[in-house]
Structure formats: C-alpha cells, structure tokens
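Student: Here you go, one structure.
The values are calculated or read from the model by the stated rules, or taken from the named source; none is laboratory data. Bear in mind the structure is a predicted one, so any value in this text is a computation, not a measurement. Cβ sites come from the backbone with ideal geometry, for glycine too, and all protein chains shown count toward neighbours. Protein only, heavy atoms only, side chains kept; ligands, DNA and RNA dropped before computing areas. Shrake-Rupley method; radii C 1.70, N 1.55, O 1.52, S 1.80 Å.
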Amino acid sequence: MQDRIIEALRSGANADALSLAREAVAATPHDADNHALLALAERANGNLPAAMHAINRAVLLAPDNADLHFQRAGMLLAEYKLDEAQAALSRTLDLDPNQFPAYILQAQMAFGRGDIDEAERLQRYAARIAPEHPWVRTIEGMIALRRGDSMRALSLLTEAAKLMPDDLQVLYALGFAHMDQGHLAFAESAFRRIVEASPNQHGLRGLLADVVMRQGRPDEARQIVQPLLDNPETSTHSL
C-alpha cells in the first residue's frame with residue numbers, strides 16, 4: 001500500500017494518494033510511516049492543518065525517527081512557525097547528526113535571520129557529510145554574496161545551477177549574483193524562470209520588471225507587473 005501511495009504522489013494523482021493513505025491509516029493506525037504518508041497526501045491536496053495533524057501523530061508514534069522530525073520541520077516552515085521548525089530540526093540532528101538536509105534547511109533559516117556566521121557554520125557541517133552536493137556550493141555562494149564577494153558567489157552558484165537547473169532558490173541567488181556583477185540580461189533570465197515556474201512570486205515579479213526596465217524596456221516591464229496591477233490585493237502604491 002505504501003508503494004502505491006508514493007507512486008500516486010509522484011505521478012500527481014493526489015486525490016488517489018489521499019484515498020489510499022486514509023485506507024492505510026485505517027488498517028494500521030499505529031504505523032507511523034502511514035501517518036507520514038497521509039501527511040504528504042494531505043499537503044499535496046492543499047489541506048495543511050490535516051497534514052500537520054498527521055505528521056504530529058507520526059512523530060508521537062515514532063519519536064526517535066529523525067526523518068519524521070525533519071518532515072514535520074518542513075511543514076512547520078510552510079506555516080511560518082519558525083521557532084517550532086527550528087526545534088524540530090534540532091531534534092532531527094540530535095537523533096541523526098548526519099542528516100544532511102537538516103543542516104541545509106537550518107542554514108537557509110539562518111540566512112532569513114541575517115545570521116551569516118551561523119549559516120557558514122552549518123554549511124561546514126553539511127560539507128563534511130556531502131562535500132560535492134550542489135546545495136553545499138549554493139549555501140557557500142550565498143554566503144560569499146552576502147559578504148560582498150560576488151565574483152566567487154557567481155562562480156559557485158553557476159556551478160550549482162548546472163547541477164540543479166530547476167531549483168528556484170539556486171536561480172534566485174544566481175540572479176542576485178548576476179545583478180551584483182552588472183549582468184542584467186543573465187539576472188533577468190534567472191528571475192524570469194522563477195516567475196514562470198511560480199507565478200505567485202509577486203515580489204519577484206516586481207524585481208524582474210525593475211531589471212527589465214533598467215535595460216531600457218519599460219513597456220515590457222509594465223506587461224510583467226500588469227497582472228499585479230489588475231489585482232486589488234497586489235496593486236500597491238509603490239507598484
């Protein structure tokens with residue numbers, strides 16, 4: 001049953017995955033993995049409160065499972081519960097000090113707080129586990145960018161983008177590295193790919209328009225922000 005749920009999620013058959021996951025939980029209510037899969041299925045169907053309830057149940061059933069704490073951290077982040085997410089990540093690493101994704105996620109949270117030293121510390125831990133992983137280069141590049149070394153940042157982030165060409169966070173950092181170097185056309189390309197992949201990135205749409213306008217194409221810049229201007233919820237004075 002679990003394989004069928006995973007396959008349904010991978011194929012985008014989210015309603016089927018949810019139905020199967022509910023059947024699995026009903027059949028074996030004390031199986032933590034089934035509750036974790038139910039959480040993924042509920043999240044895929046847009047029901048975050050139900051997903052949170054399911055992953056909390058999974059953690060209660062298997063409190064020493066680092067993977068479950070990490071999955072819970074991701075869901076807490078989706079609800080912007082940063083302190084709880086940080087606690088879940090810390091518990092993840094207490095249980096499994098080699099949990100590479102937890103270091104990366106903590107480093108990203110450190111960036112969000114503006115704590116570059118902490119991000120660098122976590123990046124070094126991650127590098128010990130998987131030194132060649134593109135996310136190690138990405139975090140290192142983001143650190144270089146924040147510290148004003150845009151040439152090194154551009155080199156690291158370009159390399160990461162070759163390995164993860166569709167990763168939106170890599171593209172975001174790469175776009176800013178290009179901006180720092182004055183490569184507006186390359187920055188535009190990176191930001192445009194993010195907007196195309198994630199149309200609800202309203203703030204980035206404004207940034208993309210600014211980059212386009214700085215290249216002397218104001219009419220095109222207006223077309224980029226027009227969907228925001230047409231929406232009363234996003235049509236701000238500054239826009």
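Student: Say we look at region 114-136 and pick out the residues that are of a type in the set (D, E, K, R) and not in a helix (DSSP H, G or I); which of these is least open to solvent (accessible area, probe 1.4 Å)? Working first, answer last.
Tutor: Filtering region 114-136 down to residues of a type in the set (D, E, K, R) leaves 115, 117-118, 120-121, 124, 128, 132.
Now narrow it down to the ones that are not in a helix (DSSP H, G or I): 115, 132.
Details: Asp115: 60, Glu132: 128 Å².
For region 114-136, the residue satisfying everything is Asp115.
Student: Can I ask one more? Within region 214-234, which residues are polar (S, T, N, Q) and either assigned to a helix (DSSP H, G or I) or surrounded by 12 or more Cβ atoms within 10 Å (Cβ to Cβ) (or both)? Working first, answer last.
Tutor: Our first condition is that a residue be polar (S, T, N, Q); within region 214-234, this holds for 215, 223, 226, 231, 234.
Correct list: Gln215, Gln223, Gln226, Thr234.
Student: Yes or no: Ala32 open to solvent by less than 60 Å² (accessible area, probe 1.4 Å), of a type in the set (Gly, Ala, Ser), closer than 22 Å to Gln99 by Cβ and at pLDDT 90 or above?
Tutor: Details: open to solvent by less than 60 Å² (accessible area, probe 1.4 Å): yes; of a type in the set (Gly, Ala, Ser): yes; closer than 22 Å to Gln99 by Cβ: yes; at pLDDT 90 or above: yes.
Considered against the rule, which asks whether it is open to solvent by less than 60 Å² (accessible area, probe 1.4 Å), of a type in the set (Gly, Ala, Ser), closer than 22 Å to Gln99 by Cβ and at pLDDT 90 or above, Ala32 comes out as yes.
Student: Can you confirm whether region 97-111 contains a residue that is without any contact (Cβ under 8 Å) to a residue 12 or more places away in the chain and hydroxyl-bearing (Ser, Thr, Tyr)? Spell out how you get there, then give the answer.
Tutor: Here is the first cut: in region 97-111, the residues without any contact (Cβ under 8 Å) to a residue 12 or more places away in the chain are 97.
Now restrict to residues that are hydroxyl-bearing (Ser, Thr, Tyr): none.
No, the conditions are met nowhere in region 97-111.
Student: I need a count of the residues in region 137-167 that are open to solvent by 60 Å² or more (accessible area, probe 1.4 Å) and hydrophobic (A, V, I, L, M, F, W, C).
Tutor: Looking only at that region, the number is 2.
Student: Taking region 35-56 on its own, how many of its residues are surrounded by fewer than 19 Cβ atoms within 10 Å (Cβ to Cβ) and part of a helix (DSSP H, G or I)? Break it down stepwise before answering.
Tutor: First, pick out the residues of region 35-56 that are surrounded by fewer than 19 Cβ atoms within 10 Å (Cβ to Cβ): 44-50, 53, 56.
If we keep only those that are part of a helix (DSSP H, G or I) as well, we get 44, 48-50, 53, 56.
Here the count works out to 6.
Student: Still on this structure: Would you confirm, using the coordinates I've provided, whether Val170 is of a type in the set (Val, Ile, Thr), crowded, with 17+ Cβ neighbours inside 10 Å, in a helix (DSSP H, G or I) and in contact with a Ser or Thr (Cβ under 9 Å, 6 or more places away or on another chain)? Break it down stepwise before answering.
Tutor: Working: of a type in the set (Val, Ile, Thr): yes; crowded, with 17+ Cβ neighbours inside 10 Å: yes; in a helix (DSSP H, G or I): yes; in contact with a Ser or Thr (Cβ under 9 Å, 6 or more places away or on another chain): yes.
For Val170, the condition - of a type in the set (Val, Ile, Thr), crowded, with 17+ Cβ neighbours inside 10 Å, in a helix (DSSP H, G or I) and in contact with a Ser or Thr (Cβ under 9 Å, 6 or more places away or on another chain) - is met.
Student: Looking only at region 176-213, which residues are surrounded by fewer than 16 Cβ atoms within 10 Å (Cβ to Cβ) and in contact with an Asp or Glu (Cβ under 9 Å, 6 or more places away or on another chain)?
Tutor: Within region 176-213, Ala197 is the sole residue that qualifies.
Student: Just name the residue that is nearest to Ala85 (Cα to Cα) out of those in region 1-26 that are part of a helix (DSSP H, G or I) and out of contact with any helix residue (DSSP H, G or I) (no Cβ under 8 Å at 6 or more places or on another chain). If you could, list the steps in order and put the result at the bottom.
Tutor: Going residue by residue through region 1-26, those that are part of a helix (DSSP H, G or I) are 2-10, 14-26.
From the residues that got through so far, the ones that are out of contact with any helix residue (DSSP H, G or I) (no Cβ under 8 Å at 6 or more places or on another chain) too are 3, 7, 10, 15, 19, 23, 26.
Values: Asp3: 28, Glu7: 28, Arg10: 25, Ala15: 27, Ser19: 28, Glu23: 29, Ala26: 28 Å.
Once the filter is applied, the top-ranked residue is Arg10.
Student: Here are the criteria: (1) more than 30 Å from Asn98 (Cβ to Cβ); (2) modelled with pLDDT under 90. Tell me which single one Glu188 does not satisfy.
Tutor: (2)
Student: When you check Gln71 against the structure, is it within 25 Å of Asn34 (Cβ to Cβ) and among the polar types (S, T, N, Q), yes or no?
Tutor: When the stated conditions are applied, Gln71 passes them.
Student: Ok, one more. Those residues that are in contact with a helix residue (DSSP H, G or I) (Cβ under 7 Å, 6 or more places away or on another chain) and open to solvent by 40 Å² or more (accessible area, probe 1.4 Å), I need them from region 83-113; list them, please. Talk me through it step by step, then tell me what you get.
Tutor: Filtering region 83-113 for residues in contact with a helix residue (DSSP H, G or I) (Cβ under 7 Å, 6 or more places away or on another chain) gives 84-86, 88-89, 91-93, 95-96, 98-107, 109-111.
Result: Glu84, Gln86, Arg91, Leu95, Asp96, Asn98, Pro101.
Student: Looking at Gly148, Gly182, Gly203 in this structure, which one is without any contact (Cβ under 8 Å) to a residue 24 or more places away in the chain, part of a loop (DSSP other than H, G, I, E, B) and under 28 Å from Leu239 (Cα atoms)?
Tutor: Numbers: Gly148 fails: under 28 Å from Leu239 (Cα atoms); Gly203 fails: part of a loop (DSSP other than H, G, I, E, B).
Matching residue, one of Gly148, Gly182, Gly203: Gly182.
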